[in-house]
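The numbers here are math on the coordinates, done by the rules we state, and not lab data. All values derive from a computational prediction rather than experimental measurement. Heads up, the Cβs are rebuilt from the backbone with ideal geometry, glycines too, and the neighbour counts pull from every protein chain shown.
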């Protein structure tokens with residue numbers, strides 16, 4: 001078995017929603033990003049790539065490559081899932097925490113779990129999504145941006 005962890009952050013900018021785990025979540029702001037800026041899926045990809053010792057999301061989907069401008073981050077998850085399978089691993093579980101004051105993640109957590117489970121081809125009970133605030137401290141506390149942390153366990157059956 002192998003364990004990986006990933007972290008991603010994006011600053012808020014103009015917009016009317018954020019993408020979280022492949023789900024469009026209404027919000028007063030969007031995020032500044034090369035792709036769709038989905039911090040949940042970016043952290044998840046980094047955790048999976050880390051578990052496989054394959055670098056990070058920027059190595060495989062570089063922001064310098066215009067192919068990925070505005071890209072749906074679910075593409076990244078599916079590509080990383082294929083890398084996992086090619087190496088004989090399956091996801092044991094993923095635990096993801098979104099860090100922000102807003103938007104509220106709880107009402108969307110189930111939908112996010114379902115999207116991730118579908119894209120990774122695993123049972124829903126292998127995916128955990130939750131949120132926390134920083135009690136108004138730091139950039140997330142000042143509502144300047146959003147972050148996510150992911151931890152995964154991958155195993156060879």
Quiz item: How many nm separate the modelled label positions at residue 155 and residue 71, each set 7 Å beyond the Cα in the direction of the Cβ?
Solution: 3.1 nm
Exercise. Pull out a ≥ b ≥ c, the square roots of the eigenvalues of the alpha-carbon gyration tensor of the range 24-108, then state rounded if a/c is under 1.5, prolate if not and a/b is larger than b/c, and oblate in the remaining case.
Key: oblate
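With an 8 Å Cα cut-off and a minimum separation of 6 or more residues, compute the relative contact order for the range 2-155 in percent.
The value is 33 percent.
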Quiz item: What is the Å³ per residue value for the convex hull set by the Cα atoms of the range 2-155?
Solution: 97 Å³
Quiz item: Quick one: 118, 132, 140, 67, fewest Cβ neighbours within 10 Å first, how do they rank?
Solution: 67, 132, 118, 140
Self-check item: Antiparallel bridge percentage (DSSP; both residues within the chain; nearest 5)
Solution: 80 percent
Self-check item: Sites residue 102 and residue 125 - FRET efficiency at Förster radius 25 Å, r taken between beta-carbons, to 0.05
Solution: 0.30
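According to the square roots a ≥ b ≥ c of the eigenvalues of the Cα gyration tensor, what is the shape class of the range 33-80, taking rounded for a/c under 1.5, prolate for a/b larger than b/c otherwise, and oblate for the remainder?
It is prolate, given that a/c is not under 1.5 and a/b is the larger ratio.
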Quiz item: In deg cm²/dmol, rounded to 500, what helix-only [θ] at 222 nm does the chain give when every DSSP H run of at least 4 residues adds -39500 (n - 2.57) and the total is split over its residues?
Solution: -8500 deg cm²/dmol
Self-check item: Highest-fluctuation residue, 72, 16, 36 considered, GNM on the chain with Cα pairs under 10 Å
Solution: 16
